[in-house]
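Presented below is the structure to which this report refers.
The values are calculated or read from the model by the stated rules, or taken from the named source; none is laboratory data. Nothing here was measured: the structure is a model prediction, and the numbers come from that model. Every residue, glycine among them, receives a Cβ derived from its backbone with ideal geometry; neighbour counts consider all protein chains shown. Just the protein is used for accessible areas: all its heavy atoms, side chains included, with ligands, DNA and RNA removed. Shrake-Rupley method; radii C 1.70, N 1.55, O 1.52, S 1.80 Å.
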Amino acid sequence: MSSADHLDDDCIFCKIIRVEIPSFKVFEDGKTFAFMDINPIASGHSLVIPKFHSANLYETPDEWVAVTATAIRRLAWAVEKTLEPAGVSIVQANGPGAKQSVHHLHMHVIPRGIDDDLMMSWELVPGDTDAIGELVERIKANLD
Ligand code: 5GP
Ligand code: ZN
């Protein structure tokens with residue numbers, strides 16, 4: 001079965017996978033897609049999604065959670081090597097209390113600074129697309 005069989009017509013992240021809307025892609029393979037967040041809370045804020053539409057962690061089959069976790073490790077390592085932040089948080093939101101805004105499983109890579117005071121919930125503020133486009137090329141150069 002191809003990944004297209006698992007996607008949703010109206011979901012914004014499924015549209016990114018199908019390249020119906022643009023994104024700053026870092027990498028993709030048969031089961032996952034990694035790209036830059038368009039409202040970055042920190043430089044290097046990026047996302048991994050499975051090529052399987054499901055609303056949240058609980059509704060996602062184990063095999064798709066596993067491939068997403070493997071992909072988040074690859075993305076986080078490339079971001080780590082590119083930006084050398086003081087730390088990296090992996091964030092995954094489920095439900096309104098967690099401020100989940102897109103209902104397709106996704107994991108965030110968020111570079112951290114010492115005492116950056118970042119919260120686990122945040123407002124969506126559009127980023128500088130020129131800066132994001134320059135950074136995605138640097139991260140791609142550090143993929144293993
Ligand atoms: P959540 O709030 O659900 O944990 O995270 C969803 C994330 O998706 C947000 O950080 C938001 O900025 C990001 N996002 C929403 N729409 C788009 C889009 O069209 N393109 C990209 N690159 N990111 C998006
Ligand atoms: Zn979807």
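Miscellaneous remarks
- Among THR68, THR82, the sequence by solvent-accessible area, most first, with a 1.4 Å probe is THR82, THR68.
- For the set LEU124, LEU118, solvent exposure ranked by accessible area (probe 1.4 Å, protein chains only) runs largest to smallest as LEU124, LEU118.
- Applying 1/(1 + (r/R0)^6) with r as the Cβ-Cβ distance of ILE21 and ASP144 and R0 = 41 angstrom yields a FRET efficiency of 0.90.
- Lysine pairs with alpha-carbon atoms under 16 Å apart, the range 3-118, spacing 8 or more or separate chains: 5
- Our estimate of slack between ARG112 and LYS81, defined as 0.36 nm per intervening residue step minus the Cα-Cα distance, is 9.8 nm.
- Computed lengthening from ILE12 to ARG73, 0.36 nm per intervening residue step minus Cα-Cα distance: 19.6 nm
- Of all accessible heavy-atom area on the chain, the percent that carbon and sulfur account for (1.4 Å): 53 percent
- Nitroxide proxy distance, nm - points 7 Å out along Cα→Cβ at SER43 and ALA55: 3.9 nm
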